[in-house]
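Structure first, commentary second.
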């Protein structure tokens, strides 16, 4: 490294080896129709430290207008993407999946949602749990991943593992923190009918595989999209919540966005079409638990 050009070449190589260019690329795609916040802060509930999520985005076309909130038969739904961007040239991401349980109940994972009734009851009761919500993409996959491993692509590959665990932790903690913020905003307003829905996502630039079958006959299949299921106890919310994180490859991200936007429209349309019948039910529950 003898001059400015050599230094710039070195710096460029180092930067391209990180997830930062991927974050910029994902943000540029979202900028077309989304309200995007990069490096959005949240508080880590285990360490009580402020951290940052790579991208927090709200779809502009589905953003509720303030004047609608005053209607008694209106349910303001805030829907957002919570995204971590990861890249690895040294390790493949491998997720071990199992068939979806036969008694699986369809709907939005409870860790993704926070509504006005949870605010009133300090998380003991949820309005969403009282409803028959439309099926989303979470209900379509016949298999779910429950654990994972990051495996070196070559024996002499450099780099560290742990990116999946880090992204998983950041996403659910960020969602939990946002639910806490919503709770503090709504808990004193018994007339609130707000609902918040989060879609936690990892966008991965690298080799993504699903592992199936018994260990002796393990089958590895390269994938563009995998659903990772897990549950965690949130200190912030004081309860155990279930989560399903979408792991999507960089090349598949734009197609995946179409799926999520379809889900968001289903949720918005559900509350729009059923608002008049849901309003008395919401009033009754809010009055009972007040």
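The values are calculated or read from the model by the stated rules, or taken from the named source; none is laboratory data. Bear in mind the structure is a predicted one, so any value in this text is a computation, not a measurement. Please note: Cβ atoms are built from the backbone with ideal geometry, for glycine as well, and neighbour counts cover all protein chains shown.
Can you pull out every residue in the stretch 108-128 that is within 19 Å of residue 199 (Cα to Cα) and in contact with a strand residue (DSSP E or B) (Cβ under 9 Å, 6 or more places away or on another chain)? Reasoning before the result, please.
First, pick out the residues of the stretch 108-128 that are within 19 Å of residue 199 (Cα to Cα): 108-116, 118, 126-128.
Passing the criteria: 108, 109, 110, 111, 112, 113, 114, 115, 116, 126, 127, 128.
Residue count for the stretch 184-213 satisfying the condition of being surrounded by 20 or more Cβ atoms within 10 Å (Cβ to Cβ) and part of a helix (DSSP H, G or I): 1. Beta carbons closer than 6 Å, at least 6 apart along the sequence or on distinct chains, pair a first residue in the stretch 214-238 that is more than 20 Å from residue 200 (Cβ to Cβ) with a second that is surrounded by fewer than 17 Cβ atoms within 10 Å (Cβ to Cβ) and modelled with pLDDT under 90 for 219/213.
Name the one entry in 173, 152 that is touching a residue at least 24 places away in the same chain (Cβ under 8 Å), loosely packed, with under 15 Cβ neighbours inside 10 Å and either touching a helix residue (DSSP H, G or I) at 6+ places or on another chain (Cβ under 8 Å) or farther than 16 Å from residue 116 by Cα (or both).
On the way: 173 fails: loosely packed, with under 15 Cβ neighbours inside 10 Å.
Checking each option against the conditions leaves just 152.
Counting the residues of the stretch 266-286 that are surrounded by 13 or more Cβ atoms within 10 Å (Cβ to Cβ), out of contact with any strand residue (DSSP E or B) (no Cβ under 8 Å at 6 or more places or on another chain) and within 23 Å of residue 121 (Cα to Cα) gives 8. The single condition among (1) assigned to a strand (DSSP E or B); (2) without any contact (Cβ under 8 Å) to a residue 24 or more places away in the chain that residue 103 does not satisfy is (1).
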